[in-house]
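K.L.:
Please read through the structure below; I'll follow up with questions.
The values are calculated or read from the model by the stated rules, or taken from the named source; none is laboratory data. Bear in mind that the values here come from a model prediction, so they are computed numbers and not experimental data. Glycine gets a Cβ as well: all are built from the backbone with ideal geometry, and neighbour counts include every protein chain shown. SASA here: full protein model, heavy atoms, side chains in, ligands and nucleic acids out. Shrake-Rupley method; radii C 1.70, N 1.55, O 1.52, S 1.80 Å.
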Amino acid sequence: MYNNNDIMPARQTFGSSWAYNFVDWRGDTMPLLEIKQLTKTSLLPKIDLNINQGQCVAIQCRRDIGNLLLQLLIGSIPPSEGEILFQGKHLNTDNKSVLQQVGVLLLDDRLYERLKVKHYLAFFNRLYGTSQAVDTVIRHIGLADRADTYCSRLTASEKRRLQIGRCIIHRPQLVIMEAPEQNVDLESRIIIR
């Protein structure tokens, strides 16, 4: 966790979209994600972006451009030009090893409605092959009192928090979230931040 003395906002622009970077003042500059001259069709302008360990970057753009960028970042489509490097590894060639270290939360992610909260997270814990304590993640996302509740019975905000729990259960190095605060209540916004 950072406090206000540790971070400084800096605005970066590319094309018609922009990003706010929160830079760690302790000088940690290990490149986590490097995007070099990335483009796909005429929709996505060439993008150069470096994200270092400890940075939080928000990109605001049109939804179609955002969806395209997300697909490129998770490796589901190849770029027309440019490259994406995660800790120096090419996303296109080392996709499986890279995605083990990335948590992804999309706007339209679905839950397994027939599972209870604790079983849903335990399933993904086993899927990733991690030893993260499910109860710890449940407490972290503020659903300790709902651990034995079926996913179908959760509110929209609680479902979003559960999706975030799934996204971080394997302790990823990089978390990519599409509109993480959309359709959530104030308590969930605080937990997300």
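K.L.:
Out of (1) out of contact with any strand residue (DSSP E or B) (no Cβ under 7 Å at 6 or more places or on another chain); (2) more than 30 Å from Gln37 (Cβ to Cβ), the odd one out for Asp108 is which?
P.N.:
(2)
K.L.:
Here is a further query. Pull up the range 171-192, narrow it to residues that are in contact with a strand residue (DSSP E or B) (Cβ under 7 Å, 6 or more places away or on another chain) and at pLDDT 75 or above, then point me to the one that is farthest from Leu111 (Cα to Cα).
P.N.:
Gln173
K.L.:
Now for a separate question. Tally the residues that are surrounded by fewer than 15 Cβ atoms within 10 Å (Cβ to Cβ) and aliphatic (A, V, I, L, M), restricting the search to the range 123-135.
P.N.:
Residues in the range 123-135 being surrounded by fewer than 15 Cβ atoms within 10 Å (Cβ to Cβ) and aliphatic (A, V, I, L, M): 2 in total.
K.L.:
Starting from residues that are part of a loop (DSSP other than H, G, I, E, B) and of a type in the set (S, T, N, Q), keep the ones in the range 47-82 and report whichever is farthest from Val102 (Cα to Cα).
P.N.:
Out of the qualifying residues, it is Ser80.
K.L.:
Now, a different point. Count, please, the residues in the range 141-170 that happen to be open to solvent by 20 Å² or more (accessible area, probe 1.4 Å) and either within 12 Å of the chain's Cα centre (by Cα) or modelled with pLDDT under 90 (or both).
P.N.:
Here the count works out to 3.
K.L.:
Of Ile77, Ile138, Ile65, which residue is touching a residue at least 40 places away in the same chain (Cβ under 8 Å), open to solvent by less than 70 Å² (accessible area, probe 1.4 Å) and aliphatic (A, V, I, L, M)?
P.N.:
Ile65
K.L.:
Can you confirm whether Lys96 is outside any loop (DSSP other than H, G, I, E, B) and either in contact with a Lys or Arg (Cβ under 9 Å, 6 or more places away or on another chain) or without any contact (Cβ under 8 Å) to a residue 24 or more places away in the chain (or both)?
P.N.:
Spelling it out, Lys96 is indeed outside any loop (DSSP other than H, G, I, E, B) and either in contact with a Lys or Arg (Cβ under 9 Å, 6 or more places away or on another chain) or without any contact (Cβ under 8 Å) to a residue 24 or more places away in the chain (or both).
K.L.:
Could you please find all residues in the range 154-172 being more than 18 Å from His119 (Cβ to Cβ) and in contact with a Gly (Cβ under 9 Å, 6 or more places away or on another chain)?
P.N.:
Result: Arg171, Pro172.
K.L.:
Further question: Going through the range 90-110 one residue at a time, which ones are in contact with a helix residue (DSSP H, G or I) (Cβ under 6 Å, 6 or more places away or on another chain) and surrounded by fewer than 18 Cβ atoms within 10 Å (Cβ to Cβ)?
P.N.:
Once the filter is applied, which keeps residues that are in contact with a helix residue (DSSP H, G or I) (Cβ under 6 Å, 6 or more places away or on another chain) and surrounded by fewer than 18 Cβ atoms within 10 Å (Cβ to Cβ), the range 90-110 yields only Asp109.
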